[in-house]
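See structure below.
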Amino acid sequence: MEFRTVSTSLAPEAIGPYSQAIEVEGMLYCSGQIPLNPETGEIVDGGISEQTKQVLKNLKQVLTVGGSSLNHVVKTTVFLTDLAMFDEVNQLYAQAFSAHKPARSTVQVAALPKGALIEIDAIGSVIEGRRIGA
């Protein structure tokens with residue numbers, strides 16, 4: 001089994017000993033993205049709406065460089081520090097994925113890295129001929 005590490009400067013660098021994504025056997029396993037601005041390494045200003053948009057943007061960049069897309073995601077996990085934010089996050093999530101509806105779990109957690117309000121990870125299928133990152 002061959003593993004391929006995916007990395008892009010278009011999304012925040014990993015803040016620990018992990019990869020942005022790993023591809024194995026045509027599937028792309030994306031690490032959780034928090035709402036870091038990839039240029040500054042800081043959490044974006046604003047509340048859950050701004051943070052959710054940044055997380056989805058970061059995730060989209062990793063998927064694209066890995067040869068996938070939001071439309072090829074099969075599973076996500078959404079981590080929230082407060083489930084009271086679920087409705088707002090759900091609206092933005094639905095806009096990002098449009099008609100595509102991957103399987104999803106949503107959980108409330110006590111805290112996230114750097115004080116983030118949200119984190120999303122994803123598993124997507126790789127589109128043949130679209131691999132960019134290595």
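Nothing in this text is a laboratory measurement; each read-out follows from the coordinates by a stated rule. Worth saying up front: this structure is predicted, and the values here are computed from it rather than measured. Note: ideal-geometry Cβ built from the backbone for every residue, glycine included; neighbour counts use all protein chains shown.
Annotations for the structure displayed:
- Taking other C-beta atoms within 10 Å as the exposure proxy, Ser9, Ser19, Ser68, Ser31 rank Ser9, Ser19, Ser31, Ser68 from fewest upward.
- Gaussian network model of the chain, springs between alpha carbon atoms under 10 Å - residue of Ala116, Ala84, Ala21 with greatest fluctuation: Ala84
- Top positive-direction residue, dipole computed over the stretch 64-119 with Cβ charges, set Ser69, Phe79, Ala110: Ser69
- Net charge over other residues, Cβ less than 12 angstrom from the Cβ of Asn90 (K, R count +1; D, E count -1): 0
- Around Ala103: net Lys/Arg minus Asp/Glu count, Cβ-Cβ under 15 Å: +2
- Kirkwood-Stokes translational diffusion coefficient of the chain, alpha-carbon pairs, 4 °C, 1.567 mPa s, µm²/s: 88
- Footprinting exposure proxy ranking of Glu42, Glu2, fewest other C-beta atoms within 10 angstrom first, gives Glu2, Glu42.
- Eligible aspartates and glutamates near Lys57 by straight Cα distance, threshold 18 Å, same-chain separation 8 or greater: Glu13, Glu39, Glu42, Asp45, Glu88, Glu119, Asp121
- Over the chain, dividing the summed -39,500 (n - 2.57) contributions of all DSSP H runs of at least 4 residues by the number of residues returns a 222 nm mean residue ellipticity of -7500 deg cm²/dmol.
- Whole-Å distance, taken between Cα centres, linking the stretch 1-61 and the stretch 94-126: 11
- Taking Cα atoms only, the orientation of helix 48-65 departs from the longest principal axis of the chain by about 0 degrees.
- Annotation: the residues Glu119, Glu88, Glu39, sorted from fewest to most other C-beta atoms within 10 Å of their own C-beta, follow the order Glu39, Glu88, Glu119.
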